[in-house]
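Student: Supplied in structure tokens, the structure appears directly below.
Values in this text are rule-based calculations from the coordinates and carry no lab data. Computed from a predicted model, the values in this text were never measured in an experiment. Here Cβ is always computed from backbone atoms with ideal geometry, including for glycine, and neighbour counts include all displayed protein chains.
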Amino acid sequence: MKLKKNTFLQGAFVASMGIVLSKILGIIYVIPFYSIIGEQGGALYGYAYNIYSIFLSLSTAGFPLAVSKIISEYDALGYYKEKEQAFKIAKRLLSFIGIICFIILFVFAPQIAKLIIGDIQGGNSISDIVFVIRIISFSILVVPILSVYRGYLQGHKYITPTSVSQVLEQIVRVLIIIIGSYLTLRVFKLSLATSVGVALFGATAGAICSYLYLVNKVLKHRKELKADYNKNAEIKITTKEIAIKILCYAFPFVFGDVLKSLYNSVDTFLLIRTLVNGLAFNINDAESIMSAISTWGNKLNMIVIAVGTGFTVSIIPHLTRNLINKDFQAIKERINKSFKITLFITLPMVVGLSFLAKPVWNVFYGYSTYGSKVFSLSIFVALVTVLLSLCTTILLTLKEYKVLFINLITGLVVNALLDVPLIYLFNFLNWPPYYGAITATILGNLVSVTIVITYLYKKYDIDFFKSYKTFLKQLLAILTMIIVLSILKYLVPFPTNRIASAFVVVLYSILGAVIYLTIAYKTKIINEIFGKNILEKIVNKLKK
């Protein structure tokens, strides 16, 4: 069967569908997985995955885009030999980076484990953490090469195979996580660490299956990939030039992704030891809190992040076109509108999920001493993450790399410096001390966002403060929604039963959405953000 190239709109739709399906699978599997490995297993899983994500960013982030860009450029010019040369160089380069990252992670796993829990006894041991880190490290040998193949096909405008590969990777991963962890722990009665290790191996197995699928596609369709080959147009490009080009294209994305991963890892290194050694928390309670923040709560945060970043991606081609045409007025309007839309969609979701933290947690995980309490605040991390992602996308599109590096590094430093002091401060004020760690993450992200907003105001004259009236109306709508839902809570209280909790979540969500959207319509927030005829356009499309 012949490969079909995708148009821009088709490609955007197919890519979005692949991402959405992968995210849905990534959210659904946590329900059975939590019931299998519990909070202690979740903490162990989070230790390994948070560290792994840093090295994964180093070895993959930005490289599919870089390869796609170079392949697309050479393909358009008919440079077949140079295109294939770039493909081979990218594979060698990423293989080398992947091997180096694997060796560092595998060899230094004991030192990393020591940094995470120190000499604390009674919970997950250092040997357990070393074991799971080494298991997940094998994935880094495969994923970088996989990213090159995805970039290669995307550069030829073949988006469908790469999207299928993403879904295939996630399906295999989820099946191994659920079936493997269940058989290991419940049937064969092996240790919790072994069960978590098998679950983490799902990342490697999923990547291998996805890789084999894409290799097969490339080998089967060599003739189509060679189409439009212009022998007369060939030019001599050195290996060094191509390698430098790949690294230059990828570096800003790698740097940004690594810093984002470090944001998530600050608590991994600081929270457990501060709670146990500094505040005399029980290790099991500390790990329950850690798993709620880094693993289980983070999975629920992905609901908001997936929706928010979906809107963020759409700004890239428009901003790029405006920048090329030097249409700075359009840039100002588009960036301002992007922030408005992002807040309009994500803010009520975050506030609503925070209000419904207890029944939402019950639906996914059942009762937990700390789970819903942690989630009620940690969901706001999703909001600032989406805003920071929007800021990062804008800066990358505008090629403001220096500001990007400054804002991300500053935010990370603020997060790291405030983490422990805020834990102690919250404890002193008789508030849950773990709220201090979550607050530090929120503040770190907000500092980064503030730096970007200030810079955009100064350089591009984007006055976000002119939108404050719209934002105040939005806050009024959200406040009204919460007041009505709080009254309803007296009539329909939050249950502990899972099925009843699911009913409550659906009921409250529908009612909250109706209240929010009705007030937004009556106060003309929707018109101010989306335009006057937006509702008519939606109705007409639905009719068609």
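Student: If each residue of separation counts as 0.36 nm, what is the full-extension length gain between LYS402 and ILE24 once their alpha-carbon separation is subtracted?
Tutor: Working: separation 378, 0.36 × 378 = 136.08 nm, distance 3.50 nm.
Using 0.36 nm per residue and subtracting the Cα-Cα distance, I get 132.6 nm.
Student: Along each of its three principal axes, how wide is the spread of alpha-carbon positions in segment 405-528, in whole angstrom units, largest first?
Tutor: In descending order, the Cα extents are 48, 42, 25 Å.
Student: Follow-up. Assign unit charges at the C-beta atoms only (+1 for Lys and Arg, -1 for Asp and Glu), then state the dipole size of segment 395-516 relative to its Cα centre in Debye, rounded to the nearest 20.
Tutor: Details: 9 positive and 4 negative charges, 52 e Å.
With Lys and Arg at +1 and Asp and Glu at -1, about 240 debye.
Student: Follow-up question, since we're still on this one. Calculate, for LYS220 and ARG92, the FRET efficiency according to 1/(1 + (r/R0)^6) with r their C-beta to C-beta distance and R0 30 Å; round to the nearest 0.05.
Tutor: Working: r = 23 Å, r/R0 = 0.77.
My answer for the efficiency is 0.85.
Student: Return the Cα extents of segment 143-298 along principal axes one, two and three, sorted largest first, each rounded to a whole Å.
Tutor: 74, 38, 22
Student: Follow-up. How long are the semi-axes of the equivalent ellipsoid of the chain, taking √(5λ) for every eigenvalue λ of the Cα gyration tensor, in whole Å from largest down? Walk me through the intermediate numbers first.
Tutor: On the way: eigenvalues 270, 206, 107 Å².
After diagonalising the Cα gyration tensor, the semi-axes are 37, 32, 23 Å.
Student: Sticking with this one: Is any helix in the chain, taking whole DSSP H runs, at least 27 angstrom long along its axis by alpha carbon and on average at least 1.0 on the Kyte-Doolittle scale, and which ones?
Tutor: Working: long enough: 8-28 (30 Å, 1.84); 30-60 (32 Å, 0.75); 80-107 (40 Å, 0.96); 192-220 (43 Å, 1.26); 239-273 (48 Å, 0.83); 328-355 (40 Å, 0.75); 371-397 (38 Å, 1.93); 401-428 (40 Å, 1.57); 434-460 (39 Å, 0.87); 468-491 (35 Å, 1.47); 498-522 (36 Å, 1.65).
Membrane-span-like by this criterion, though nothing is claimed about a membrane: 8-28, 192-220, 371-397, 401-428, 468-491, 498-522.
Student: Could you please state, rounded to a whole Å, how far the C-alpha centre of segment 335-372 is from the C-alpha centre of segment 90-120?
Tutor: One Cα centre to the other: 34 Å.
Student: Could you check the spin-label model distance between THR496 and LEU323? Points 7 Å from the Cα along Cα→Cβ, value in nm.
Tutor: 5.4 nm
Student: Which value results when the Cα radius of gyration for segment 346-463 is divided by 2.2 N^0.38 Å? Walk me through the numbers on the way to the answer.
Tutor: Working: Rg = 16.5 Å, N = 118, 2.2 N^0.38 = 13.5 Å.
That ratio works out to 1.23.
Student: Determine Rg/Rh for segment 35-109; Rg is computed over alpha-carbon atoms and Rh is the Kirkwood hydrodynamic estimate from the same atoms. Please report the intermediate quantities before stating the final value.
Tutor: Details: Rg = 17.9 Å, Rh = 14.8 Å.
Reported Rg/Rh (Cα atoms, Kirkwood Rh): 1.21.
Student: Of LYS23/LYS337; LYS23/LYS223; LYS340/LYS402, which pairs sit farther than 32 Å apart, going by alpha carbon to alpha carbon? Before the final figure, lay out each step's value.
Tutor: Values: LYS23/LYS337 26 Å; LYS23/LYS223 34 Å; LYS340/LYS402 25 Å.
Pairs exceeding 32 Å: LYS23/LYS223.
Student: Also, I was wondering about something else. I need to check one value: relative contact order of the chain, counting alpha carbon pairs closer than 8 Å and at least 6 residues apart, in percent. Kindly include the intermediate steps, with their values, before the conclusion.
Tutor: Numbers: 747 pairs, mean separation 93.3, N = 544.
Computed over the chain, the figure is 17 percent.
Student: Using just the helices of the chain, give the 222 nm mean residue ellipticity in deg cm²/dmol: DSSP H runs with n ≥ 4 each add -39,500 (n - 2.57), and the total is spread over all residues, rounded to 500. Show your work: numbers first, answer last.
Tutor: Numbers: 23 runs with 434 residues, N = 544.
Per the formula, -27000 deg cm²/dmol.
Student: Then there is this: Report the gain in length on full extension from SER509 to VAL413: 0.36 nm times residue separation, minus Cα-Cα distance, nm rounded to one decimal.
Tutor: 30.9 nm
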